[in-house]
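Following: one structure in structure tokens, then a few remarks.
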Amino acid sequence: MTALLLTGIGELTTNVAEPDDVCGTRHDAAVLVRDGVIAWVGPTRDAPEVDAPVVDVGGRAVVPGFVDSHTHLVFAGDRSVEFAARMAGSPYAAGGIRTTVAATRAAADDVLRDRLAALIAECRAQGTTTLEIKTGYGLDVATETRLARLAREATDEVTFLGAHVVAPEFAGRADDYVDLVTGDMLAAVAPFARWVDVFCEEGAFSPAQSRRVLEAGRAAGLGIRVHGNQLGPGGGVALAVAMGAAAVDHCTYLSDDDVTALAASDTVATLLPGVEFSTRQPYPDARRLLDAGVTVALASDCNPGSSFTSSMPLMIALAVREMGMTVAEAVWAATAGGARALRRDDVGVIAPGRRADLVLLDAPSRVHLAYRPGVPLVRRVWKDGVEV
Ligand code: NIG
Ligand code: FE
């Protein structure tokens, strides 16, 4: 049995909601971890006597490990030239995805694995303890399967995104490509995946094509999630809600009907402000969604095209500064909200029985995550009770 007692936590974000405090904040708190799970939470003065290492954190803040529910971390190549061109005035185009597809197809497994490991280390160092990883830079059966297998070595939250864009070999034949995605490609990838996803957007897949992909994924036993309403208004959100998707991600351009539908559903709206930061698009209006009663998550969308950052603290800072969220709402969205988006209740909350995924900040409160943007405040990270 391994155990660990953290004491002297100046501000503990438990996410066990109380009236007027979605973050379930406790002061002068202690947390006992046993066998990778939270065993006890309470005031430091009541901490149990245990035969375990004690870490006095000296009044610093502890938050749940970040749950990054949307990443594209398995890829090769670099698109910094495209980014620089955007910053000089070129618009973002989803077609850039094909540049990464070419580099990824040409890369050996070891190259992809090493790159993935480096990115995961980057995520961990910034406090992310649960990661979803998508395929989507292969777009043929062999490469999509390779990407799913590599992602599965790193996380249980693997998402099949064969329907990212139409593969170059299928240019002008989108429906034929959807046949491949829903046929041989899905059959090969499904054993490694928990989720199916589709980029439902003009220039990628229509709502009808997207529905085919999601229905086939669901029939293969996968949960469903959607990329929608990123580059303009469209049918992605409506489709996600109609199909009971766990989450619809981006949600930058929403109609009033989209917001009403989301509010009446169990579908989480996952906002990805790294994309708007890196593409100079307008940020999604989180305030409008929250005021309507929609459950909002924040994720990095880490990928080489539209958002090459793995930093959940940056997402929190952007959401607070640019999207109308309070700090408490943003921290909740980056932890418990991400867990909801993955339909998980074992992470995102610091309470007995949950996984001991903890982030110690070099700061007295979670406010510093937004108040001190760009500063590396993550001091120590435990995943399943083990320091990473
Ligand atoms: O989530 N929206 C579609 N896919 C990615 C972008 C991928 C890329 O540009 O390489 C996204 O933003
Ligand atoms: Fe994405």
With labels modelled as points extended 7 Å from the Cα through the Cβ direction, what inter-label distance (nm, one decimal) is found for ALA208 paired with ALA171? 2.4
Given the C-alpha centroids of the range 240-269 and the range 34-91, what is the distance between them in whole angstrom? 26
Roughly how many debye, to the nearest 20, is the charge dipole of the range 157-253 about its Cα centre, given +1 on each Lys and Arg Cβ, -1 on each Asp and Glu Cβ, and no other charges? 260
From the helices alone, meaning DSSP H stretches of at least four residues, give me the mean residue ellipticity at 222 nm for the chain, per-run term -39500 (n - 2.57), in deg cm²/dmol to the nearest 500. -9500 deg cm²/dmol
On Cα atoms only, tilt of 141-154 relative to the major axis of the chain in degrees: 0
Restricting the count to DSSP beta bridges whose residues both fall in the range 67-342, what percent are antiparallel, rounded to a multiple of 5? 5
Tell me, in nm to one decimal, what length is gained between ALA220 and ASP257 on full extension, where the rule is 0.36 nm per residue of separation less the Cα-Cα distance? 10.3 nm
Full extension between VAL50 and ASP345 adds, at 0.36 nm per residue less the Cα distance, a length in nm of 103.5 nm
The chain, Gaussian network, Cα under 10 Å: of ASP345, ASP51, ASP176, the residue fluctuating most is ASP51
Using DSSP to define loop residues, name the GluC sites (Glu not before Pro) in the range 34-125 whose beta-carbon has at most 16 other beta-carbon atoms within 10 Å. GLU49
Taking the Cα centre of the chain as the origin, how large is its charge dipole in debye, to the nearest 20, when only Lys and Arg (+1) and Asp and Glu (-1) carry charge on their Cβ atoms? 440
Let a ≥ b ≥ c be the square roots of the eigenvalues of the Cα gyration tensor of the range 67-342; is it rounded (a/c under 1.5), or, if not, prolate (a/b larger than b/c) or oblate? rounded
Highest-MSF residue in the chain out of ALA219, ALA333, ALA94 [GNM, Cα springs under 10 Å]: ALA219
Ranking HIS368, HIS27, HIS250, HIS70 by Cβ neighbours within 10 Å, fewest first, what do you get? HIS27, HIS368, HIS250, HIS70
Under unit Cβ charges (Lys, Arg +1; Asp, Glu -1), what dipole magnitude, rounded to 20 debye, does the range 18-132 have relative to its Cα centre? 680
State, as an integer percentage, the relative contact order of the range 67-342 based on alpha-carbon contacts under 8 Å between residues 6 or more apart. 18
GNM flexibility winner over the chain from SER365, SER69, SER300 (Cα, springs under 10 Å): SER365
Low-density loop positions, trypsin sites (Lys or Arg not before Pro), the range 147-242 - DSSP coil, at most 14 other Cβ in 10 Å: ARG173
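FYI, it's all coordinate maths here, none of it is from the lab. Because the structure is a prediction, the values reported are computed rather than measured. Heads up, the Cβs are rebuilt from the backbone with ideal geometry, glycines too, and the neighbour counts pull from every protein chain shown.
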